[in-house]
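The values are calculated or read from the model by the stated rules, or taken from the named source; none is laboratory data. Owing to the predicted nature of the structure, the values given are computational and were not obtained by experimental measurement. As a convention, Cβ positions derive from the backbone with ideal geometry for all residues, glycine included, and neighbour counts pool all protein chains shown. Remember, those area values only see protein heavy atoms, side chains included, never the ligands or the DNA or RNA. Shrake-Rupley method; radii C 1.70, N 1.55, O 1.52, S 1.80 Å.
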Amino acid sequence: MNRQQTNGYLYALGASLALAASFVFSKSALNHLSMLQFGMFWFSLGVLWNGIWFFTRREYKQLRGDTGRKTGVAVVIAVLEGAATGLFYLAIKAMENPAVVAFIGNIGPVFVTLMGILLLKERFRTLQVVGIVTTIVGVFVINFREGGFAGFVDPGSIYVISAAFLFSVATIVGRRMHQWLVPGYMSLIRSFLLAVTMALLFLRFGELSPLSLKIWKDLALGSLLETLIVIVFAYQALKMIEATKTSLLISTKGVWTLLLAWIFLGVFPTGLELTGGLLTLVGVWLITWNREPAPQK
């Protein structure tokens with residue numbers, strides 16, 4: 001493993017840990033706020049964090065040369081990520097345990113693998129089929145309810161699966177267009193679009209609730225992690241390692257979310273949800289596992 005690959009793995013793992021923590025912070029805030037008020041403050045703070053990062057690190061210098069193309073790629077990915085992010089937070093609002101949201105979201109590498117095969121001409125392996133089937137079985141187990149798989153018609157599950165698909169499209173676009181990708185710029189555009197959208201919706205439909213110091217802390221820390229750290233780390237990883245490997249490491253967010261939700265929110269998945277979540281992790285590992293070729297004699 002060379003230095004670039006090592007750095008790519010570290011960036012992806014960092015993105016996974018930051019995303020897990022942001023799930024817990026967001027669930028804590030959403031327990032007290034409407035989705036619109038939450039989104040307005042969360043992404044407005046995200047604009048602040050991303051603006052500071054973008055200008056203090058002078059990332060605008062990376063826009064020199066092919067500025068139009070870099071802006072176009074950033075906007076396309078920002079729109080896809082923005083729509084997916086909104087759906088994810090609707091799911092977190094609707095579901096009791098954010099770890100379950102994270103585990104269902106592991107369907108994402110299935111989409112990434114299938115699109116990678118179709119669009120990026122990545123090689124198809126039998127083990128990937130096993131991984132895809134295992135992941136899908138895991139999602140079915142998570143959504144099992146007494147009498148059948150009624151969980152699939154729950155709004156939370158629909159939101160997560162739809163969000164995972166959009167995130168996967170963004171991942172493929174980011175990998176294919178990585179030479180024009182400026183992560184900090186894309187993250188700033190994404191946060192700005194979401195902040196404006198949520199503010200307009202809140203002014204039309206929302207009601208203002210008082211915010212305690214604890215809620216402000218959850219909003220500030222969570223938005224810093226989700227709107228800046230996760231995005232920058234994930235797309236730095238995509239510039240260094242394959243899309244499937246990036247997805248694998250980020251998919252471990254379910255384990256970290258499970259531990260953090262248990263410690264800070266006092267919630268733990270049911271036996272079926274935990275079993276299904278573990279199956280999704282095994283499936284993702286099978287999808288992205290590469291056996292090293294035997295050394296030549």
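Evaluate the following for Glu207: is it modelled with pLDDT under 90 and of a type in the set (Asp, Glu)?
Details: modelled with pLDDT under 90: yes; of a type in the set (Asp, Glu): yes.
The answer is yes for Glu207.
Here is a yes/no grid of residues against (1) modelled with pLDDT under 90; (2) open to solvent by 60 Å² or more (accessible area, probe 1.4 Å); (3) not in a helix (DSSP H, G or I):
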| site | (1), (2), (3) |
| --- | --- |
| Gln37 | no, no, no |
| Met40 | no, no, no |
| Ser44 | no, no, no |
| Leu48 | no, yes, no |
| Ile52 | no, yes, no |
| Tyr60 | yes, yes, no |
| Gly65 | yes, no, yes |
| Lys70 | yes, no, no |
| Val73 | yes, no, no |
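Of the conditions (1) out of contact with any Leu (no Cβ under 8 Å at 6 or more places or on another chain); (2) within 28 Å of Val75 (Cβ to Cβ); (3) of a type outside the set (D, E, K, R); (4) modelled with pLDDT of 95 or more, Ile189 satisfies every one except a single condition; which number is it? Answer for Ile189: the failing condition is (4). The condition of being closer than 19 Å to Ser251 by Cα and surrounded by fewer than 20 Cβ atoms within 10 Å (Cβ to Cβ) holds for only one of Val112, Val79, Val130, that being Val130. Restricting attention to the stretch 239-268, which residues are over 19 Å from the mean Cα position of the chain (by Cα) and either farther than 15 Å from Lys27 by Cα or open to solvent by 40 Å² or more (accessible area, probe 1.4 Å) (or both)? Answer for the stretch 239-268, where residues must be over 19 Å from the mean Cα position of the chain (by Cα) and either farther than 15 Å from Lys27 by Cα or open to solvent by 40 Å² or more (accessible area, probe 1.4 Å) (or both): Trp262, Ile263, Phe264, Leu265, Gly266, Phe268.
Looking for something open to solvent by 10 Å² or more (accessible area, probe 1.4 Å), in contact (Cβ under 8 Å) with a residue 60 or more places away in the chain and in a loop (DSSP other than H, G, I, E, B) - is there at least one such residue anywhere in the stretch 216-238? The answer is no; no qualifying residue exists. Quick one: what pairs do we get from the stretch 264-281, first residue over 25 Å from Ile132 (Cβ atoms), second of a type in the set (D, E, K, R), C-beta under 7 Å, 6+ apart or different chains? Going by the 7 Å Cβ cut-off, the qualifying pairs are Leu265/Lys27; Val267/Glu96.
State yes or no: is Ser191 open to solvent by less than 40 Å² (accessible area, probe 1.4 Å) and either hydroxyl-bearing (Ser, Thr, Tyr) or in a helix (DSSP H, G or I) (or both)? So that I can check it myself, show each step before the final result.
On the way: open to solvent by less than 40 Å² (accessible area, probe 1.4 Å): yes; either hydroxyl-bearing (Ser, Thr, Tyr) or in a helix (DSSP H, G or I) (or both): yes.
Answer is yes for this residue.
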